[in-house]
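Participant: Got a structure here, written out as structure tokens. Questions coming.
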Amino acid sequence: ILYGMSIRGLAEAADMKFYEAKEFIENYFVVRKRIKEYLDNLLKEAREKGYVETLFGRRRPTPDVLSSNFIVRTGAERAAQNMPIQGTEADLMKRAMIKVDKVLSEKTPTAHMVMQVHDSLIIECDITDKDVVAEILQYEMENVAPELPVKLAVEVSTGRNWGEL
């Protein structure tokens, strides 16, 4: 819902009747009024400025929010509401990947980043370095954006393979 799921989309995804999904979304925004205000302001910004942006200033143009075509317009509205949230998360991950890679290469030469999966980083290292790597990951990822008004929380797990994580 936060990312712009429609009533029809919720009804299908949750195997609900249309009226139940509509009521659920309405109640969600009654309880979470500030989220509704935030999403409404994003649409207003998209229409007035022609773009939305992440917390760190990366922009996405939004010309189709003014489209007379309902399908084009509602798709653009969902994208305009989604991008600042998911885009900010992507910005945080990019920052984290750069910082983690730098610190790992300085402190643990056996460790290297294998991949990113959504909000996770997969690191490969000698088993003797796993605790140091876990500490570096947690610290660097939690402190990747000290200017945020909230503290980021990071969970780290280790295993011999991805299946153990």
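The values are calculated or read from the model by the stated rules, or taken from the named source; none is laboratory data. For clarity, every value in this text was computed on a predicted model and none was experimentally measured. Using ideal geometry, Cβ is built from the backbone for each residue, glycine included, and neighbour counts are taken over all protein chains shown. Areas reflect the complete protein model, heavy atoms only, side chains present, ligands, DNA and RNA absent. Shrake-Rupley method; radii C 1.70, N 1.55, O 1.52, S 1.80 Å.
Participant: In the range 1-35, which residues are under 22 Å from Pro84 (Cα atoms), touching a Phe, Trp or Tyr at 6+ places or on another chain (Cβ under 8 Å) and buried (at least 16 other Cβ atoms within 10 Å of the Cβ)?
Facilitator: Within the range 1-35, Ile1, Ile7, Leu10 meet the criteria.
Participant: Let me ask another. From (1) free of Cβ contacts under 8 Å to residues at least 24 places away in the same chain; (2) surrounded by 13 or more Cβ atoms within 10 Å (Cβ to Cβ); (3) of a type in the set (A, V, I, L, M, F, W, C); (4) part of a strand (DSSP E or B), pick out the condition that doesn't hold for Met115.
Facilitator: Result: Met115 fails condition (2) only.
Participant: Are any residues in the range 87-114 more than 17 Å from the chain's Cα centre (by Cα) and hydrophobic (A, V, I, L, M, F, W, C), and if so, which ones?
Facilitator: Scanning the range 87-114 gives Ile98, Val100, Val103, Leu104, Ala111, Met113, Val114.
Participant: While we're here: From the list Ile136, Ile98, Ile123, Ile127, exactly one residue is among the aliphatic types (A, V, I, L, M), farther than 20 Å from Thr54 by Cβ and open to solvent by 90 Å² or more (accessible area, probe 1.4 Å). Which is it?
Facilitator: Of Ile136, Ile98, Ile123, Ile127, the one residue that is among the aliphatic types (A, V, I, L, M), farther than 20 Å from Thr54 by Cβ and open to solvent by 90 Å² or more (accessible area, probe 1.4 Å) is Ile127.
Participant: Out of the residues in the range 38-68 that are outside any loop (DSSP other than H, G, I, E, B) and farther than 18 Å from Gln86 by Cα, which is least open to solvent (accessible area, probe 1.4 Å)?
Facilitator: Step by step, filter the range 38-68, then rank; the result is Val65.
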